[in-house]
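Asks: Starting off with a structure, shown below.
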Amino acid sequence: MSEAPQIALNSLPFALRFTPRRWWTRLLAFLFGDWHYLFASTGKGLVTRKLGEAITSFDSPLIPKLSWLVALGGYAHVGEDAVLSIAWACLLCMGVLLLLGLFSRPAAIIAWFLHLCAAESGGLFAYGADNFMTTGLFYLMLSPLPDRYSLDHRLLKVELRDPQLLGFWRRVLQVHMCFVYFIGGLAKCLGSGWWDGSNLWRSLTRPPFNLISPEILVRFKYALPILGISICLIELGYPFFIWIKKTRLFWLVCILAMHAAIGLAMGMYLFALVMIVLNLAAFGIGVSDGQSVSTQVMAGGSAEERSNVSGLAPGASPLSG
Amino acid sequence: MISKRIYAAWFVIHFFLITAVCFAGIFSLIAEGATMLPSAFQRYARKSELITAFVLGKEATASNPIRRGIATYLHAAGIQSGYSFFAPNIPGYHRLGLELYYADGRVEYVSPHLSGRAAALRLDSLLDRLADNRYEPIREVVVKMLAFSVWRDRPEVKKIRATFGTVSPPGIGDFEHGKRESFQPMFSYDFSLREKEKR
């Protein structure tokens, strides 16, 4: 190549140097790269999927895993790579359908199943966010669907089913969140590092969570013990203060702020997002007006009106409605 | 009425299992002496851990249908592990260093990596697991696979030495005095890849 065209090429904006084909290749690599790398079988991935699945099978061979889908694809002469890509694409599609509220029930079941397969096959790589996502999808799959805001109800005119059960499932999620924070808070309180701030320092300086420079953290070293103790108290106090009408909004804002801070300061965006969604689903609806949900239940009304009541007041039977 | 009883029964069983799993985690931390509780608690925690293990069917044989049923349900609901994240204390992290020996005598130092940040977080999760004694039987296999994943991109490498160890970051006071993280090797493996390839 002569020098002139080379200079012209270099002067082009970076984005324009790629042909559509290269863009497509890069997009595919971006979308599927790590997915295939994590879940490929022996000789292709980082650690073979089969090892994680063998460990899961030791617990129980009935736990769903990606190998089931790969075996199923084998009967239809579909290769492993294609099955993994289809599973990924299906998971994405189910997520979009759930966001829109289209075909809610089948979308929730398929999303739960595919996510469980992936989480269990990649068990060696799993962390907390995977369990919370499985739990969230598990409850969603069992909840009365469709929701009144879903396109299923609005466009396809699918009738709302068992609206009073929505309160039960919301109560299940509420109690679950209380367990999560109480146990988390209790375990933290048992460690000396949360009282003197050293655990916060260690968590913020260890890779891959070290987004904030240690030099900046040192400047706020006197705030670390206060923040550490605050985290313990917020988590431990959650199952008590979240039920009290006067403190509910404050506690919810504190816990949401804590997760947002974890997401931004430690780069745990997925974990933060999942926890924020679960908290809002459990306690976020109707918290700002401070209205007791039981008041709305007592008021009765049509099935659609009652479907708005997606929770029960503390002390009320979760099965009443 | 019947369906209400079914829901109520499920509610009780579900949260009973969550309680058992969560407290099994807490008792395990106390029994290991990882908490600031006096050591006298460790004996009781160990006994309590056994009780929770019994409740969860973990004392039964691996093929026991009750044990399998409970395990399947726990995994399906995402409640198979407790919620003591970043607790009670945050230990050092782990690092796997790979020394790549080329035929021409060159030596390159790399670590296994993934392109996305979210996936990188998962790799760190795996490395932290490898340090756990429960994963000792598969440790060498996993390290070999991680080394193999690096070798696939560099087929001219003749030998790989994998060193796994704990990185102890300095405390805030030590950091202010200029101290930086230290690496303590736990184990290392040599993989001769050319021979493996020939085989």
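The values are calculated or read from the model by the stated rules, or taken from the named source; none is laboratory data. This is a predicted model, so every value here is computed, not measured. Heads up, the Cβs are rebuilt from the backbone with ideal geometry, glycines too, and the neighbour counts pull from every protein chain shown. When the accessible area is computed, the model is the full protein with side chains, heavy atoms only, and any ligands, DNA or RNA have been set aside. Shrake-Rupley method; radii C 1.70, N 1.55, O 1.52, S 1.80 Å.
Asks: Report the local net charge at residue B:73: Lys and Arg +1, Asp and Glu -1, summed over other residues whose C-beta lies under 12 Å from its C-beta.
Replies: My count for the surroundings of residue B:73 gives +1.
Asks: Am I reading the A/B interface right? What is its buried accessible area, both sides, 1.4 Å probe, to the nearest 100 Å²?
Replies: 6600
Asks: Starting from the Cα of residue A:65, draw a straight line to each of the aspartates and glutamates and keep only those under 19 Å, dropping any in the same chain fewer than 8 residues away.
Replies: Qualifying aspartates and glutamates at Cα under 19 Å: A:34, A:53, A:80, A:81, A:120, A:130.
Asks: If I compute solvent accessible area with a 1.4 Å probe over the protein chains, what percent of it on region A:30-124 is carbon and sulfur?
Replies: Roughly 78 percent, rounded to a whole number.
Asks: Separate question: Hey, for a label at residue A:257 modelled as a point 7 Å past Cα toward Cβ, could you say which residues of region A:211-238 have their backbone N under 17 Å away?
Replies: Once the point is set 7 Å along Cα→Cβ of residue A:257, A:223-238 turn out to lie under 17 Å by backbone N, inside region A:211-238.
Asks: I need the calculated FRET efficiency for the pair residue B:12 and residue A:245, taking r as the beta carbon distance and R₀ as 22 Å, to the nearest 0.05.
Replies: The value I calculate is 0.25.
Asks: Label region A:101-247 by shape, choosing from rounded, prolate and oblate, from the square roots a ≥ b ≥ c of the eigenvalues of the Cα gyration tensor; if a/c is under 1.5 it is rounded, and otherwise prolate applies when a/b is larger than b/c, oblate when it is not.
Replies: prolate
Asks: I've got another one for you. Kindly identify the protein assembly as shown as rounded, prolate or oblate by the Cα gyration tensor criterion: order the square roots of the eigenvalues as a ≥ b ≥ c, call it rounded if a/c is under 1.5, otherwise compare a/b with b/c, prolate if a/b is larger, else oblate.
Replies: Prolate, since a/c reaches 1.5 and a/b exceeds b/c.
Asks: Using a 1.4 angstrom probe on the protein heavy atoms only, line up A:161, A:148 by accessible area, largest first.
Replies: Ranking A:161, A:148 by accessible area, largest first, yields A:161, A:148.
Asks: Which lysines does residue B:58 reach when only Cα atoms under 21 Å apart count, and residues fewer than 8 places away in its own chain are ignored?
Replies: By straight Cα distance, residue B:58 reaches B:47.
Asks: Also, quick follow-up: If you take each beta carbon of peptide A:120-133 and count the beta carbons of other chains within 10 angstrom, what is the mean?
Replies: Mean partner shielding for this stretch: 5.
Asks: Right, here's the next one. As a check on your grasp of the helix formula, calculate [θ] at 222 nm for the protein assembly as shown: sum -39500 (n - 2.57) over DSSP H runs of n ≥ 4, divide by the residue count, round to the nearest 500.
Replies: -19500 deg cm²/dmol, from helical runs alone.
Asks: If you don't mind, another one. Please name which of A:178, B:120, B:101 has its Cα lying farthest along the dipole of the protein assembly as shown towards the positive end, using unit charges on Cβ (Lys, Arg +1; Asp, Glu -1) and the Cα centre as origin.
Replies: It is A:178, whose Cα lies furthest towards the positive end.
Asks: Order of A:207-218, B:24-35 by packing, highest average Cβ count within 10 Å first?
Replies: Per-residue Cβ counts within 10 Å, averaged per peptide and sorted highest first, yield B:24-35, A:207-218.
Asks: Note the full-extension length gain between residue B:152 and residue B:107 as 0.36 nm times their separation in residues minus their Cα-Cα distance, in nm to one decimal.
Replies: Full-extension gain reported as 14.5 nm.
Asks: On a 1.4 Å probe surface of the protein chains, which of B:73, A:139 comes out largest in accessible area, and what is the full order?
Replies: Output order, biggest surface exposure first: B:73, A:139.
Asks: Calculate the spin-label point distance for residue A:211 paired with residue B:4, positioning each point 7 Å from the Cα along the beta-carbon direction, and give it in nanometres.
Replies: Distance between label points: 4.8 nm.
Asks: Hey, if we sort B:68, B:134 by accessible area with the 1.4 Å probe, largest down, what's the order?
Replies: Most to least solvent-accessible, the answer reads B:134, B:68.
Asks: Let me ask something else. Take every residue in peptide B:176-184, count the Cβ atoms of other chains within 10 Å of its Cβ, and give the average of those counts.
Replies: Per residue, the average neighbour count from other chains is 1.
Asks: Please give the average number of partner chain Cβ atoms lying within 10 Å of the Cβ of each residue in B:145-152, rounded to a whole number.
Replies: The shielding value for this peptide is 3.
Asks: Sort the following peptides by mean Cβ neighbour count (other Cβ atoms within 10 Å, averaged over residues), highest first: B:118-130, A:191-203, B:180-192, A:87-99.
Replies: A:191-203, B:118-130, A:87-99, B:180-192
Asks: Dipole of chain B, Cα-centred, from +1 at each Lys and Arg C-beta and -1 at each Asp and Glu C-beta, to the nearest 20 debye?
Replies: The calculated dipole for chain B is roughly 680 debye.
Asks: Once each part is reduced to its C-alpha centroid, what is the distance from region B:125-199 to region B:21-67 in angstrom?
Replies: For region B:125-199 versus region B:21-67, the Cα centre distance is 30 Å.
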